[in-house]
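The block underneath contains the structure these notes are about, expressed in structure tokens.
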Amino acid sequence: MVKLPSYPRFPSINLNIILTQTDTTVGFLSQNEKKLQKIKSRQRSKPFITVYSTFKTLSNSHIRVPTSKRNLVRRSKRTTFIIKGKSFRVAQTSLSSQFLRNSSANYSTSANESGKNFNRVFCESKTDIIIEGKNSLYEGKASTLYKINAQSIRKIR
């Protein structure tokens, strides 16, 4: 049998905005930070959360988790951490989407206008791809936010 390379139906998936249910609430995911800033009308100084699919991909990134806090980060659920001004979360997707399984990291933000609640019409008009599970899209509780360093942990949200 001859095995040929397969090509995805969406070759520019890295540039698209995806609307999906995250581990906490409905959100926009993308690997293009500028597009997310434009959709949310967000200041450039306010960074997005980077969502990693596994702890291993986080370890390979530019973020260095202090040795004393690695177990905390590895075992946390629905928790976002800030280390040296960079926010991140490790969240395995519960959806069986090939898009999300193949990407090691995405920028994430809640799917709403800044300061407002989830509005499906607004979100659908701003997104390129919608990934919806059997439970539909719902606005849940935001992730818990901790600022950590080698010596301390401070709860922010």
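Rule-based calculations on the coordinates, nothing more; no lab input. Predicted model only: the values in this text are computed from it and were never measured. Cβ atoms come from the backbone with ideal geometry, glycine included; neighbour counts cover every protein chain shown.
Side notes on the structure shown:
- Packing-based order for 56-69, 77-90, using average beta carbon neighbours within 10 Å, highest first: 77-90, 56-69
- Relative contact order of the stretch 15-155, pairs being alpha-carbon contacts under 8 Å that are 6 or more residues apart, as %: 39
- From the alpha carbon centroid of the stretch 16-62 to that of the stretch 117-133 is 15 Å.
- Each peptide among 44-50, 16-22, 30-36 gets the average number of other Cβ atoms lying within 10 Å of its residues, and from highest to lowest they stand as 16-22, 30-36, 44-50.
- Among beta bridges identified by DSSP and lying wholly in the stretch 15-155, the antiparallel ones come to about 65 percent.
- Proxy reagent accessibility, fewest Cβ within 10 Å first, across Asp128, Asp23: Asp128, Asp23
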